[in-house]
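J.: One structure, pasted below without further comment.
The values are calculated or read from the model by the stated rules, or taken from the named source; none is laboratory data. Small disclaimer: the values here were computed from a predicted structure and weren't measured. Note that each Cβ is placed from the backbone with ideal geometry, even for glycine, and that neighbours are counted across all protein chains shown. Protein only, heavy atoms only, side chains kept; ligands, DNA and RNA dropped before computing areas. Shrake-Rupley method; radii C 1.70, N 1.55, O 1.52, S 1.80 Å.
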Amino acid sequence: MLHASVVLVLDLSKEQELWYTYETLYDAIAKRVKHCINEAAKQNPNIKDKLKESIVQRIGKANKNDVEPLRIPLLIVGSKYDEFQKLEPEAKKTIIKTLRFLAFYHGATLLSYSEKQESVYLKSAIHHLLFDTNLPEKQPQIDYQKPLYIKSGSDTLEQVGPPPIPEYELGDLKEQTPLAVWRAAYCKRFPQEVEKRDPSLMQDYGRDPQYADASIDAMREQKIAVRITTHASVVLVLDLSKEQELWYTYETLYDAIAKRVKHCINEAAKQNPNIKDKLKESIVQRIGKANKNDVEPLRIPLLIVGSKYDEFQKLEPEAKKTIIKTLRFLAFYHGATLLSYSEKQESVYLKSAIHHLLFDTNLPEKQPQIDYQKPLYIKSGSDTLEQVGPPPIPEYELGDLKEQTPLAVWRAAYCKRFPQEVEKRDPSLMQDYGRDPQYADASIDAMREQKIAELQRYLTMKTRSRS
């Protein structure tokens with residue numbers, strides 16, 4: 001959780017959906033973050049204090065009655081800025097003012113974005129969240145006629161001003177919290193389309209404790225889960241310069257990601273039984289109809305970024321070849337897009353990939369760039385197992401490996417070449433308890449036999465591809 005962050009994208013051109021979209025997504029995000037922090041606190045009781053310290057670093061010591069910051073960094077992106085510019089001036093002022101309040105209230109960085117205009121701010125903000133670089137120390141750009149940029153902690157409630165509603169009407173509002181007052185003011189100016197169709201949503205009884213109902217609340221969360229899951233994606237950043245930590249980092253993070261995605265899909269499926277089929281269709285669209293014995297794709301889009309490419313270039317050639325080949329296999333196996341990145345070199349691929357995940361733009365249709373001496377770029381579905389080749393281990397040693405799945409074979413091969421630091425400190429992590437009789441289990445043993453058969457098919461295919 002100490003390295004997690006959230007990007008919340010709101011369509012500036014849809015003023016009559018903006019608040020509802022924000023509210024629906026943010027509530028789901030906040031609840032998920034709270035749950036994850038509570039889970040992490042069972043392992044690390046100090047994590048809540050550390051997160052509080054990071055909030056103070058981001059926004060300063062604000063009055064707790066004025067703010068309700070998200071526990072992890074939040075970036076709010078107002079998309080379709082070019083369409084937004086077509087709105088009338090007063091409408092634009094209201095939207096910008098409201099977004100400034102929301103960013104202040106939640107301790108977020110706020111910026112606008114358009115596909116038709118280059119955004120230095122978006123690039124800097126994404127790099128900040130992914131690679132912990134510094135955000136530009138610029139004065140807030142709050143003019144509604146110019147691209148928006150406000151770094152977290154740089155705006156104040158006094159500068160934002162009162163809600164966008166005539167002063168004489170403020171006294172008529174019955175809401176009792178700053179957020180509720182701004183909600184009422186914004187929705188009075190721009191009635192939300194979903195609320196016009198169902199006026200009961202304006203009362204927001206779902207958040208009133210006196211109307212609490214476990215089954216209804218669960219259904220509400222499932223509806224939110226459906227929306228989140230069908231539009232979710234994951235960016236997994238691996239440090240290319242730390243070859244003796246790379247596999248362990250990948251394995252630890254990916255396992256946690258896969259488990260969380262599976263949970264969210266199961267929750268969403270309670271509300272929408274078709275969601276699993278839709279996600280399977282999206283996988284086919286991304287990677288094609290791959291042999292199910294060769295791959296285990298994540299159910300939602302995955303981007304693997306190899307960071308510190310400039311440091312990686314200092315490694316010996318054979319080490320670089322091994323790392324790139326292994327990452328290519330992982331990207332193929334999980335149906336991911338793979339690219340490398342360095343702060344010292346501009347990456348068109350990273351920009352395109354981030355825009356693809358955030359704004360559903362198209363990825364560049366380029367041939368895979370797999371030369372270890374050049375920046376890496378492989379779009380999901382554009383590589384093959386035959387092109388990746390066998391694991392990076394001498395052929396005569398392949399037969400000595402006892403692992404039973406393609407992923408385990410690659411793990412063993414990579415960790416033989418680069419023993420992982422954490423495993424050198426704790427050799428027990430290398431043990432395979434699956435072969436220990438005291439842990440025998442009929443259902444697991446049956447699955448084990450199935451995996452052995454898969455491995456045999458995999459190795460047979462590898463042998464044929466080399467012949």
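J.: So which pairs qualify, if the first residue must be in the range 124-153 and under 18 Å from Leu339 (Cβ atoms) and open to solvent by less than 50 Å² (accessible area, probe 1.4 Å), the second must be assigned to a loop (DSSP other than H, G, I, E, B) and β-branched (Val, Ile, Thr), the Cβ gap must be under 8 Å, and the two must be at least 6 apart or on different chains?
T.: His127/Thr133
J.: Look at the range 359-378 and say how many of its residues are assigned to a loop (DSSP other than H, G, I, E, B) and either touching a Pro at 6+ places or on another chain (Cβ under 7 Å) or not charged (D, E, K, R) (or both).
T.: 11
J.: Then there's this: Quick check: anything in the range 308-315 assigned by the TED database to the domain that holds Pro419, of a type in the set (S, T, N, Q) and either within 20 Å of Glu245 (Cβ to Cβ) or surrounded by fewer than 18 Cβ atoms within 10 Å (Cβ to Cβ) (or both)?
T.: Looking through the range 308-315, at least one residue is assigned by the TED database to the domain that holds Pro419, of a type in the set (S, T, N, Q) and either within 20 Å of Glu245 (Cβ to Cβ) or surrounded by fewer than 18 Cβ atoms within 10 Å (Cβ to Cβ) (or both).
J.: State which residue pairs qualify: first residue touching a residue at least 40 places away in the same chain (Cβ under 8 Å) and inside the range 367-393, second residue acidic (Asp, Glu) in any location, beta carbons under 7 Å apart, and separation of 6 or more residues or different chains.
T.: Once the first residue is touching a residue at least 40 places away in the same chain (Cβ under 8 Å) and sits in the range 367-393, its partners that are acidic (Asp, Glu) give Leu385/Asp294.
J.: Of all residues being polar (S, T, N, Q) and either assigned to a loop (DSSP other than H, G, I, E, B) or touching a strand residue (DSSP E or B) at 6+ places or on another chain (Cβ under 8 Å) (or both) in the range 385-406, which is modelled with the highest pLDDT? Just the residue, please.
T.: Thr405
J.: In the range 1-24, what count of residues is obtained for those that are open to solvent by 30 Å² or more (accessible area, probe 1.4 Å) and outside any strand (DSSP E or B)?
T.: Total satisfying the criteria: 11.
J.: Does Leu330 qualify as being in a loop (DSSP other than H, G, I, E, B), in the same structural domain as Lys374 (by the TED database) and within 17 Å of Arg417 (Cβ to Cβ)?
T.: no
J.: Say whether the condition of being surrounded by 15 or more Cβ atoms within 10 Å (Cβ to Cβ), in contact (Cβ under 8 Å) with a residue 60 or more places away in the chain, in a helix (DSSP H, G or I) and charged (D, E, K, R) is met by at least one residue in the range 274-295.
T.: yes
J.: Another one. Here's a check for you: in the range 413-423, which residue that is more than 11 Å from Thr326 (Cα to Cα) and open to solvent by less than 20 Å² (accessible area, probe 1.4 Å) is modelled with the highest pLDDT?
T.: Out of the qualifying residues, it is Phe418.
J.: I've got another one for you. I want to confirm something. Restricting to the range 359-384 and keeping residues that are within 23 Å of Val7 (Cβ to Cβ) and open to solvent by 50 Å² or more (accessible area, probe 1.4 Å), which single residue is modelled with the lowest pLDDT?
T.: Per the stated criteria, the residue is Asp360.
J.: If you don't mind, there's one more thing I want to ask. In the range 172-255, which helices (runs of 4 or more DSSP H) lie fully inside it and hold 2 or more residues that are aromatic (Phe, Trp, Tyr) and modelled with pLDDT of 80 or more?
T.: 178-189
J.: Also, I was wondering about something else. Filter the range 84-138 down to the residues that are in contact with a Phe, Trp or Tyr (Cβ under 8 Å, 6 or more places away or on another chain), outside any helix (DSSP H, G or I), farther than 22 Å from Tyr26 by Cβ and not hydroxyl-bearing (Ser, Thr, Tyr) and list them by number.
T.: Residues satisfying the conditions are Glu115, Gln117, Pro136, Lys138.
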